[in-house]
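Structure, as structure tokens:
The values are calculated or read from the model by the stated rules, or taken from the named source; none is laboratory data. Just so it is clear, the model here is predicted, and its values are computed rather than measured. Positions of Cβ are backbone-derived with ideal geometry, glycine not excepted, and every protein chain shown enters the neighbour counts.
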Amino acid sequence: RSPKSEVQKNYTLHPTPYTLIFTNLVDFDMLWGHRRDVQAYYNGLKEFDDFLPKLQNAMTDEDILFITADHGCDPTYMIHTDHTREYIPLLVFGKKLKKGVNLGIRKTFADLGQTIAEIFGIKKLKNGTSLRKEIL
């Protein structure tokens, strides 16, 4: 499974007024990260990076793309094969979003969930702080 094919498979769903497309690029984690396969990780990252402009061009003005991870997994860290020490990325793209916003270090994954809930008009969740005002 390539990162590009996983994203394309999920992106071709029929849109509705509120559509959430969640794509887990599991190979970065299970096949390349935990197994410390630096070359395969590099190849997958390059393929995904090369695909991003096509994905961005296919997005409508209303679409928002969130790219994140659930934990660090440095493929060059050879002491163990567990999760590693990095902060996770949170990259946000949208044609109508503010440009160059530094979201800083967040306290919880719940911030992303709270943001999506607010954008979709779902009642406030128990945890997390929405980033909506920072990005829109």
Based on what the data block shows, is VAL101 closer than 26 Å to LEU55 by Cβ, of a type in the set (Val, Ile, Thr), touching a helix residue (DSSP H, G or I) at 6+ places or on another chain (Cβ under 7 Å) and assigned to a strand (DSSP E or B)? no
Pick from the stretch 66-84, criterion more than 30 Å from LEU136 (Cα to Cα) and either surrounded by fewer than 10 Cβ atoms within 10 Å (Cβ to Cβ) or of a type in the set (D, E, K, R) (or both), ranking: nearest to the chain's Cα centre (by Cα): ASP74
Any residue that is hydroxyl-bearing (Ser, Thr, Tyr) and touching a residue at least 60 places away in the same chain (Cβ under 8 Å) - is there at least one of those in the stretch 107-122? no
Could you list all residues from the stretch 22-45 that are part of a loop (DSSP other than H, G, I, E, B) and hydrophobic (A, V, I, L, M, F, W, C)? PHE22, LEU25
Which pairs turn up if I take residues in the stretch 19-44 that are free of Cβ contacts under 8 Å to residues at least 40 places away in the same chain and assigned by TED's automatic domain parsing to the domain that holds ASP82 and look for partners that are loosely packed, with under 14 Cβ neighbours inside 10 Å and outside any helix (DSSP H, G or I) with beta carbon separation below 8 Å, at least 6 apart in sequence or on another chain? THR19/LEU13; ILE21/LEU13; VAL26/ARG1; ASP27/ARG1; VAL38/THR76
From TYR87, TYR77, grab the single residue that is out of contact with any Gly (no Cβ under 8 Å at 6 or more places or on another chain), over 22 Å from ILE21 (Cβ atoms) and among the hydroxyl-bearing types (Ser, Thr, Tyr). TYR77
Filtering the stretch 85-130 down to residues that are in the same structural domain as HIS71 (by TED's automatic domain parsing), among the β-branched types (Val, Ile, Thr) and crowded, with 16+ Cβ neighbours inside 10 Å yields VAL92
Restricting the stretch 26-53 to residues that are aliphatic (A, V, I, L, M) and under 17 Å from GLY72 (Cβ atoms), which is surrounded by the fewest Cβ atoms within 10 Å (Cβ to Cβ)? MET30
If you go through the stretch 104-136 one residue at a time, how many are among the polar types (S, T, N, Q) and in a loop (DSSP other than H, G, I, E, B)? 4
